[in-house]
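One structure is given here, and the rest of the page talks about it.
The values are calculated or read from the model by the stated rules, or taken from the named source; none is laboratory data. Predicted model, so just to flag it, every value in this text is computed and none were measured. Backbone-built Cβ (ideal geometry, glycine too); neighbour counts: all protein chains shown.
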Amino acid sequence: MKVLLTGGGTGGHINPALAIADYIRSKQPDCEIEFVGTEKGMENRLVKKAGYKLHYINIQGLRRSLSLENIKTAFLTVTSLDHAARLLKKLKPDLVVGTGGYVCYPLCRAAAAMGIPSAVHESNAVPGLAVRMLAPHIDIVFTNFEAAENNIKPKYRNKIIRVGNPSNKKHGDITYEQAREQLGFAHKYRHSILIYGGSLGAGTINKAAAEYAAKYLKDKPDTVVTHAAGASNYEEVKKTYSELGVDLPNLELLDYIYDMPVRQAAADVIVCRSGAMTTSEIASAGRAAIFVPSPNVTDDQQYKNAKVLADAGAAMLIRDADFNADTLYEASEKILNDREYRASICENVRKFASDDANERIYEELMKLVENRKK
């Protein structure tokens, strides 16, 4: 069997595609799996690093503001369909799977028109434009959030299967107690706060964390803070801590977190952005989070993800513009000092977890291919 996967631009689209690819390969080692992306997207680094062959389509995203670039986008959208069709005729896949982002539209749309089994996975609470445009044409729409269904036209909702988010990370496999022991927190600290802004960091979160440590952490020796500043921001944030006079034994500043499942499991409070992968990881870990959505994401997707959880009592939500040392302190103290409240958040967020997403997606895709053969 040959499978083409597509989804690019950001890690939030690429990592789910890689998880699907890796799981198919684990089930069918002889399966031929290749990717389709753009020459400028993050897929060039992530897909190639994972060892998969990458093909290219020339397309770009739609600007949300008035821009002459949108004329070029419209032109590329039309021409990319022809390009995708030629690529499909050359590669002859048995299945095409998209994971969102503008690059997945031409390939999945062309596959559907050619009668090739096709599916798309939407990680966010509100489906992106590509997924909404593909829903009438493809065979399956996989979703992570139940709320995503509300933004698909009713006559196409029979195609929706909620599976959660595919992932290669093992969240929820280690207990809170085991994680605390492993990190050396168990006999030293009563509480643990984990702060991060993603692989590239986040300016607002980094600034608030440093000022929180200077203003409040020195009086909380029973609380340990682990702050991952992001590789590109690490030296700058380290300097900020130094300028604020912060040199505390209960503060650990990192550039990147390599053992995220363990760090999350040990945390009483997690402070982070609210991309689809992050919210899914926290749901699987069953931890209490304070989400600070990035204001620089298309369609304000991170806010929409976080609001679904906050409205369900499964997280706290603070807008980026309102996030600072004081609001961080107030929100974290509420979670740390009210055990019933913290327990309710952990219980509620676990309802959003789907730990068998990889297997369910695989089973549905195989059924789709087999039924099409018949």
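Some points to look at:
- Number of positions in the stretch 1-27 that are out of contact with any helix residue (DSSP H, G or I) (no Cβ under 9 Å at 6 or more places or on another chain), modelled with pLDDT of 95 or more and not in a helix (DSSP H, G or I): 0
- Flag for Tyr341 being surrounded by 14 or more Cβ atoms within 10 Å (Cβ to Cβ), assigned by TED's automatic domain parsing to the domain that holds Ala112, hydroxyl-bearing (Ser, Thr, Tyr) and over 22 Å from Ala202 (Cβ atoms): no
- Scanning the stretch 350-363 for residues that are buried (at least 16 other Cβ atoms within 10 Å of the Cβ) and in a helix (DSSP H, G or I) yields a count of 6.
- Residues that are assigned to a loop (DSSP other than H, G, I, E, B) and buried (at least 17 other Cβ atoms within 10 Å of the Cβ) within the stretch 146-163 comprise Ile152, Val163, listed in sequence order.
- Condition check for Ala112: over 17 Å from the mean Cα position of the chain (by Cα), among the small types (Gly, Ala, Ser) and assigned by TED's automatic domain parsing to the domain that holds Ala229: no
- Residue within the stretch 280-299 that is over 21 Å from Ala19 (Cα atoms), touching a residue at least 60 places away in the same chain (Cβ under 8 Å) and part of a helix (DSSP H, G or I) present: yes
- Residues satisfying the criterion are present in the stretch 120-132 (criterion: under 20 Å from Arg360 (Cα atoms), in contact with a Pro (Cβ under 7 Å, 6 or more places away or on another chain), touching a residue at least 60 places away in the same chain (Cβ under 8 Å) and outside any loop (DSSP other than H, G, I, E, B)).
Condition check ((1) in contact with a Gly (Cβ under 9 Å, 6 or more places away or on another chain); (2) buried (at least 21 other Cβ atoms within 10 Å of the Cβ); (3) within 16 Å of Met316 (Cβ to Cβ); (4) of a type in the set (Lys, Arg)) across all residues:
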site: Glu235; (1), (2), (3), (4): no, no, no, no
site: Glu252; (1), (2), (3), (4): no, no, no, no
site: Ile282; (1), (2), (3), (4): no, yes, yes, no
site: Asp299; (1), (2), (3), (4): yes, no, no, no
site: Gln302; (1), (2), (3), (4): yes, yes, yes, no
